[in-house]
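Below is one structure, written out as structure tokens; the observations come after it.
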Ligand SMILES: *Cc1c(COP(=O)(O)O)cnc(C)c1O
């Protein structure tokens, strides 16, 4: 990306050369002054635009977009999405509590995934009346039936089947192969549905798959749904009529510069699903996380030091791996841009640098051997596409308080999570 071009399709751009990077109508320099750094900044407009892409692409059929809460679980973002018709995919009782806090009316649009649901989590979800449990093992289905019987609440469930489809992504976030811990072997699903039909506290509501994350091609999604559709037809011939197919999440974005047409990507994805669904007349659920929020967010950091060790130049920022762990964990790429580019005389040449944080381990880096416009201590830099799996995966490693978060709505910005204080960090501990 040329440093002064608009990083389309992101909602971050320079109004003119030499101006500060803006999120929609708000200058990131002004946000750093108001809220300090490190700071997560999200565009509400972009999140809603992405939600609408899915809603429009699926307008021809009964559907529900269930945002995967784990990608970014900020209450204000959950509320924004719920107000615009989204449901939610949750993977813990804690995430259910977040939905209850942010958008209690949306609880009827919640699907509950995850391989290790506890009895307490199941109880909470039963009592609040979620849409469906995505069950990942026979043992879990047994526990669900027992809890449902105890409370005399019928449990709507979908089996999360493992379609044995290969998706080309990072091994840590690929989930659709038989040897992964997720889901139930699709070849065993039919027998389990038949068995469950004898239990009056279980309602076979749907079927689900989720083959992984950051998948750029629509092909594996289509392949997975084709296998699921076949099973749904077989079940219906046996008198088990499922009302919904949940295609999971996982549609990837382009973390590199490049041209990336989000609308075309969603259309291609929706077409692959449509084709694979054949004449299935029920409801389609999808669970996008990253695609909705990743490009809506940046992590704003300030340069503390620039130093040379041997042949290498290190740009040390006040943000670190505890704020954004994706580079360390997945070797992920995040574009890094100066918030204000120097222009004209004295602009300087780009340098090859490592961008790192202050945490005491060598895994604490954001970029290695990266070409970056010259920056100096005190300058602000923005790490792009940090809206998904950024704050959500942050920690207090090195006793670093978590960053604050800001939501930009057009020309206005508001704090949606204050910076953590040392009191927040120390208060659970006992001497
Ligand atoms: C993580 C996850 C998602 C969301 O994945 P993205 O890649 O963020 O779209 C959806 N469904 C389930 C079950 C998940 O575990």
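The values are calculated or read from the model by the stated rules, or taken from the named source; none is laboratory data. The model shown is predicted, which means the values in this text are computed figures rather than measured ones. Note: ideal-geometry Cβ built from the backbone for every residue, glycine included; neighbour counts use all protein chains shown.
Scanning the range 386-396 for residues that are buried (at least 17 other Cβ atoms within 10 Å of the Cβ) and either away from the ligand (no atom under 16 Å from the Cβ) or within 20 Å of residue 303 (Cβ to Cβ) (or both) returns 386, 390, 394. Residues of the range 352-363 that are modelled with pLDDT under 95 and either touching a strand residue (DSSP E or B) at 6+ places or on another chain (Cβ under 9 Å) or not in a loop (DSSP other than H, G, I, E, B) (or both): 362 alone. Residue count for the range 133-157, restricted to those that are part of a helix (DSSP H, G or I) and more than 16 Å from the ligand (Cβ to nearest atom): 13.
Condition first: modelled with pLDDT of 95 or more, part of a loop (DSSP other than H, G, I, E, B) and either within 16 Å of the ligand (Cβ to nearest atom) or under 16 Å from the mean Cα position of the chain (by Cα) (or both). Can you find one or more residues in the range 277-287 that meet it? Yes: one or more hits. Among what's in the range 14-43 and is touching a helix residue (DSSP H, G or I) at 6+ places or on another chain (Cβ under 6 Å) and not in a strand (DSSP E or B), pick the residue that is nearest to the ligand (Cβ to nearest atom). Once the filter is applied, the top-ranked residue is 24.
Residue 185 passes every criterion in (1) in contact with a strand residue (DSSP E or B) (Cβ under 8 Å, 6 or more places away or on another chain); (2) within 26 Å of residue 271 (Cβ to Cβ); (3) modelled with pLDDT under 95 apart from (2). Within the range 179-193, track down each residue that is exposed (fewer than 15 other Cβ atoms within 10 Å of the Cβ) and part of a helix (DSSP H, G or I). 187, 188, 191 - these are the residues of the range 179-193 that are exposed (fewer than 15 other Cβ atoms within 10 Å of the Cβ) and part of a helix (DSSP H, G or I).
Checked against (1) under 29 Å from the mean Cα position of the chain (by Cα); (2) more than 16 Å from the ligand (Cβ to nearest atom); (3) surrounded by 14 or more Cβ atoms within 10 Å (Cβ to Cβ), residue 221 passes all but condition (2). Among the residues that make up the range 95-104, is at least one of them within 16 Å of the ligand (Cβ to nearest atom), closer than 21 Å to residue 383 by Cβ, in contact with a helix residue (DSSP H, G or I) (Cβ under 7 Å, 6 or more places away or on another chain) and part of a helix (DSSP H, G or I)? No, that holds for no residue.
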